[in-house]
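A quick write-up on the structure given underneath.
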Amino acid sequence: MESSSSLLIDLTVEPDLQPLYPTTAQVAHLLSPNVGLSPTQKQQLVSHCLTRSCVFGDFALLSFLLLDSQAQGFLDLSKQDDDGLGLVSIAILGFGSDSERDVEREECIRLLISEGADVNLPDYAGWISLHHAALVAPPTLLSHLLTHGCSPFAVTRRKLTALDIVTASTTLPGREDVALLLEEHMRAQGWTGGRMEERRKLRERRQHRMGKRRDLQEGVEKALNIDPRWWGDSEPDYVAAELSDDDDEDSSADKDVLTPPPDYTTMLVFSPDALPDIFQTLITDFRPSLRNCEPANALYMLSRFAILNCDQNWVEDLIIGATDTIEDTFFSRSEDLPTLVFWLYNLTVWLHLMRCDDAIRDTCEELDTYSLIEEVLNSVFVFIIRIAERKIDTLLDGALLDYSPLSTEFESVQFESEWSFYVHSVRERRKPRLRLYPFPRVIQINLSPHLHHLGLRAVPHRLLRPHQWLVASLL
């Protein structure tokens, strides 16, 4: 009998100390003396249920745990989870998961704070409840945290304030009111703006200007029938340069920079037999795009090799062949404004680089290389002026036809043949002849404003002296 009684097994079911969805009735039953839980088991039960009430925003369960006399002895409001999150932060991170319980969740957080939960308890990343609330909580809760111990200047381990988190690069969508609230609290305590704030404002100004630039580009595409690929695939780097505070330029040009060392790192080696293929790839088949000066740089390095290492024939074959190919290219596309602007820009850059290089200047002047490039540059400019004239004529014709004069204006009527600025369309016009003048001449047109309107950047006057002034005349 004794041996059989000693083999009896206790089949009593252990109580569930970690219920998935705990309720007040379930917790009250487990904490009652009738169940017979040990103090350690009760502490484990209360700790688990306290965390679950914060996760689900269960105000009824949280109120029971905080106010029940049997549970109060086992409460630990400084409890942290595996990531170091405190109870207030755990409750805050539940915002957005179930919008119907957001009001109840906010009441849970207010109850925790009133019972003494630490709002400045950092997790392992240094985030306190205010940092988490800035991302997901409503502004009313942020205001409550700021008035109950949270400082807007509290930083994480990466030295970020709550305002920095919301407005790191740009203000998070839907969190503009939170950013304004934090900013006002910080300014009330003497804050005048930090590094992240300045960077954010700089990015916002840059994005605003890029938006205006894109709208302008779309208008130019429609007005001038320009291929969208002309603007390139990426955002231009010059926008950041325009937003930079340091716009001062050095008044003296550094000759060591403008004249590269005479080695093959600044040259492109070629043979005369390869020039047709080079011109075909570099000029004829090259697709124009905005501010792309690859042809100019390549022609400059080819010129350096020919002048410094070869004889006069090599130089002439290169310069004359390149200018003739460029001229043939834009003559065959005389109505393509992007092509004309592209080669106007590249010819200007090529001529600028050739003039600034002291190592090749004497040879270029002896062979009259500059004049060859200037003549082609002048021709491109005249083609651009002709396109502009035709477009202006179209607008003027339409404006004149749509104009309805008043009756009093007929007293001083002038016929079209008497107008000094308009030529009658019936009169036979002489075909315009293109005349090229050497520099300087009677009519001087400053290239810089035109380059600016066409989306180009002119070279400083101190580096591009005579050839920045183009001479053109239509007779």
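Laboratory data are not the source of any read-out in this text; all were calculated from the coordinates shown. Here the structure is a predicted model, which is why all the values come from computation and not from measurement. No Cβ is skipped: glycine too gets one built from the backbone with ideal geometry, and neighbour counts run over all protein chains shown.
Numbers at a glance
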| read-out | value |
| --- | --- |
| Stretch gain in nm, segment ASP328-GLU316, where the contour uses 0.36 nm per residue and the Cα spacing is subtracted | 2.6 nm |
| Gain in span if fully extended, TYR124 to VAL55, counting 0.36 nm per residue against the direct Cα distance | 23.0 nm |
| Karplus (6.51, -1.76, 1.60) ³J(HN,Hα), θ = phi - 60°, over the range 36-45, in Hz, Gly and Pro reported as x | x, 6, 6, x, 5, 5, 5, 5, 5, 5 |
| Sorted by Cβ density within 10 Å, fewest first, the residues ARG101, ARG287 | ARG287, ARG101 |
| C-alpha center-to-center spacing [the range 76-103, the range 27-70] in angstrom | 17 Å |
| Relative exposure of ILE113, ILE385, judged by other C-beta atoms within 10 Å (fewest first) | ILE385, ILE113 |
| Length-normalised contact order of the range 111-205 in % [C-alpha pairs under 8 Å, at least 6 apart] | 24 percent |
| Per-peptide average of other Cβ atoms within 10 Å, ordering 139-147, 217-225, 24-32 highest first | 139-147, 24-32, 217-225 |
| Theoretical FRET efficiency, 1/(1+(r/R0)^6), r = Cβ-Cβ of GLU115 and HIS208, R0 60 Å, to 0.05 | 0.80 |
| Which of PHE153, PHE331, PHE286, PHE279 has the fewest Cβ neighbours within 10 Å, and the rest in rising order | PHE331, PHE153, PHE286, PHE279 |
| Inter-label distance, nm, simple model (7 Å from Cα along the C-beta direction), LEU20/ASP273 | 8.1 nm |
| Computed E for GLU107/THR40 - FRET, C-beta separation, R0 30 angstrom, nearest 0.05 | 0.45 |
| Stokes-Einstein diffusion coefficient of the range 306-382, Kirkwood radius over Cα pairs, 20 °C, 1.002 mPa s, in µm²/s | 165 µm²/s |
| Stretchable slack from LYS391 to LYS201, in nm (0.36 nm times residue separation minus alpha-carbon distance) | 64.4 nm |
| Relative packing of peptides 202-210, 367-375, 296-304 - highest average C-beta neighbours within 10 Å first | 296-304, 367-375, 202-210 |
| Calculated FRET efficiency for the pair LEU77/SER289, C-beta based, R₀ 56 Å, to 0.05 | 0.30 |
| Mean Cβ neighbour count within 10 Å, used as a protection proxy, ranking 58-65, 183-190, 74-81 highest first | 58-65, 74-81, 183-190 |
